[in-house]
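First comes the structure, then the notes that go with it.
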Amino acid sequence: MRIFELHFNPGMRRHPPTALLAKGEAPDLIFDSFCYEPENIYEKRLGSLYMVGELRNTLPQNSRFLDNIAQVIKGKYYAFPLQTPEQSFKESLKKVNEFLAGEVSKENVSWLGNLNFAVLSLKPPTTFKEKWWGVNFTKVGGLKILLLRAAKIIDIGGNLELQDIEPYPLKIFVNIVSGKLALNDKILVLTKEVFEFLSAPERNQKSYKPNQDSIQEIAKMPVFDEKKLREILKAKEKGLSEISGVCLLIDLSETLSKGREEKPKIVTFRKEVEKFSIREALSPLIRLLVKVGLILKRVLAVITSFVAPRLKKKLREPVYKLKNAFHLLQFTPHHFLCRSFGQNYFPEKWWGVKKGLISVLVLVFVLLIGFFIFQGEEKQQLKKQETVLNEVQEKMNQAEKFLIFKEEEKANILFKESWKEILPLTEKEGPLKNEATSLRESIEEHLANLNKLEKIADPMLIFEFNPKDFIPQKMVIFRQDLYFFDPYSQNLFKINERGSESSLIQTLNQKFNLSTSLDDVILFFSKPDKIATFKNGQFGDSLSLKQPYPDFSFSNFSSFQSGLYFLDSEKGEIIKYTAPLEKGKDSPQLWLNSQTKKATGSKSMAIDGSIWILKENNNISLYYAGQYQKDLTLDFFPYPKKLYKIIALPNLPYLYILEPIQNRIIILDKTGKIIKQFQSEKFDNLKDFAVSDNGKTIYLLNGLKVYRIQI
């Protein structure tokens, strides 16, 4: 058996995907793979244990969350080696469910909805005649588990993708698949981003030739080989720097099973960071010093040959004194020693003294030259930094003059330019760092005012959930009430706008992924195709939507007038249904014109007559009447890192955007101009938000707390 763990760009921030982490910073996406082989004859009865995990929107306190899960599962799996692998597998999942429930009781709930984790156990054949491997596996979230058999690809984890988490008591890992694998079978476990990149390269990079499905190429390999894997991935080398994730490859080839077991091998693909070469940096200086040394050597040789006869007598005593000095310097003694003490104190080999003197003088001279050159470069760098500081100060003065004359847009541009120029100086140690930091803080204060950033020390808390009763993940506003739901729970939770009244609503064994309000009803959507209506406090019968095309996957849901709009971010399509929905009359329409730009790379959708699509690159695309219109490039301070959700309301000229990673809610006009920003240190686990019909009240779901902002 051969194992490869392919890690793509670990420890990198996701937005922008190529941005490296600064010192003290933590990635908002963490992932890892875990391979455990039996350590003794007893554990061999249970076989090997493999895990792949991914945690999105990671908070600092959860930086080791995946490791903790893996240790809990491993510890329980091998605790009782006399059990069957199936029994041990069930016991380990029971234990990890208890661990995760304990985290929720501690109010650590940020991982809910963000955890993707797969667990597999493999038991090799126990007899020579047996050719089947026993396998047990489970997963939660969007990981892919693929079986490669005879160059065919089978998604054996597909049935687990829609498994429901049981909330009371909390059970994350619920269903287990058990079966047998044949020799020469191969298993791939991939995080979603890696799977999409490898299986459809032409959708990720336009420059790629849509010639190969990398997973199909891997499936054709008779035996997994590192060199061949690297060759397959080399064709997509550019795109590899823009994804993060992990791919675990397990090879059960017969040619390997007969030989010595190999340890799992981790192969890491990282975005290449430009390396600093001391040799290259100093090579101009070295060449200069060599030239100077050669010239100096020739000059000293001429001077020495000219004055040597005249200095012969005068040099006897100094040369005698130099004898011990050269001993200390470990020069060869016989070049400098006199034949006898008291006779002919001048050395027989004058050239030895001359060569030694020249070498010492050249060395001293070279060191002095190097010192002065480095001093000069240091002064030059300091001078450049002083120039930058002066230019920044000049721009700040000009920007402040613009403020006096109420020309805020011009002042904002100059302050942003100044901030970008001064930022590198604040990240390097040096004599001007404090001054640069002081200037940066002053610029940021001006930018905060110009970009309408309001920091709220104590936001208004209107409600706090008890995790034993309900753990909210999403919310929808309807008239004067807020409704909270959780894709893993069978209930709704309702509070009024002030948070003074609350109630738990039974949903008749239904679990919801998305929601929107329409006229006098709330519509709840359950993946892949179920719609349920909630009206007057009661649920109506659910309806299965007619599928628009094979392999559809709705990621967003919104409504406008009598239309229901679904976004398929993978295909880039927007699908429209017309309300009221009735079986046989729910004909889907592809809303986007076939010739227009697709809405790929989308995260969120809002409708106000036009459709606004929030993209992965933090731009906003505007569509109208099925046609792409334009992109809004957002240019405000603090600069967006990872925008999460967008809301637009009919008859209001504003766009509302949530950015959890920077603890803020942003309000723009529909040209992209900043209207207001609200930021608070207490917004440390933002999950969702809603806006009242008049646009003057914003409700924020932050972990187990609900905050209200009055505009």
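Of all residues in segment 492-501, those being crowded, with 16+ Cβ neighbours inside 10 Å and touching a Lys or Arg at 6+ places or on another chain (Cβ under 9 Å) number 2. Counting only strands (runs of 3 or more DSSP E) that sit wholly inside segment 636-707, those with at least 2 residues that are out of contact with any Phe, Trp or Tyr (no Cβ under 9 Å at 6 or more places or on another chain) and not small (Gly, Ala, Ser) are 674-679. Being more than 24 Å from Leu425 (Cβ to Cβ), modelled with pLDDT under 60, over 36 Å from the mean Cα position of the chain (by Cα) and part of a helix (DSSP H, G or I), is that true of even one residue in segment 371-388? Yes, some residue in segment 371-388 is more than 24 Å from Leu425 (Cβ to Cβ), modelled with pLDDT under 60, over 36 Å from the mean Cα position of the chain (by Cα) and part of a helix (DSSP H, G or I).
A search for C-beta distances below 7 Å between a residue of segment 660-674 that is outside the structural domain of Phe689 (by TED's automatic domain parsing) and under 18 Å from Phe689 (Cα atoms) and any residue that is at pLDDT 95 or above and assigned to a loop (DSSP other than H, G, I, E, B), counting only pairs 6+ apart in sequence or on different chains, returns nothing. Within this structure, Asn434 passes the test of being within 32 Å of the chain's Cα centre (by Cα), outside the structural domain of Gln662 (by TED's automatic domain parsing) and surrounded by fewer than 14 Cβ atoms within 10 Å (Cβ to Cβ).
Taking segment 23-80 as the range and being in contact with a Phe, Trp or Tyr (Cβ under 8 Å, 6 or more places away or on another chain) and of a type in the set (S, T, N, Q) as the test, the residues that pass are Ser33, Ser48, Thr58, Asn62, Asn68.
Taking the criterion of being of a type in the set (A, V, I, L, M, F, W, C) and within 19 Å of Cys247 (Cβ to Cβ), the residues of segment 30-68 that qualify are Ile30, Phe31, Phe34, Cys35, Leu49, Met51, Val52, Leu55, Leu66. In summary, Trp591 fulfils each of the numbered conditions (1) at pLDDT 95 or above; (2) more than 24 Å from Gly113 (Cα to Cα); (3) of a type outside the set (Val, Ile, Thr); (4) under 32 Å from the mean Cα position of the chain (by Cα) with the single exception of condition (4).
Of the residues making up segment 609-648, just one is under 22 Å from Ser517 (Cα atoms), at pLDDT below 95 and buried (at least 17 other Cβ atoms within 10 Å of the Cβ), namely Tyr644.
Among the residues of this structure, Lys530 does not count as one that is within 26 Å of the chain's Cα centre (by Cα) and in the same structural domain as Val476 (by TED's automatic domain parsing).
The values are calculated or read from the model by the stated rules, or taken from the named source; none is laboratory data. Since the model is a prediction, treat every value here as computed from it, not as a measurement. All Cβ positions, even for glycine, are placed from backbone atoms using ideal geometry, and neighbour counts span all protein chains on display.
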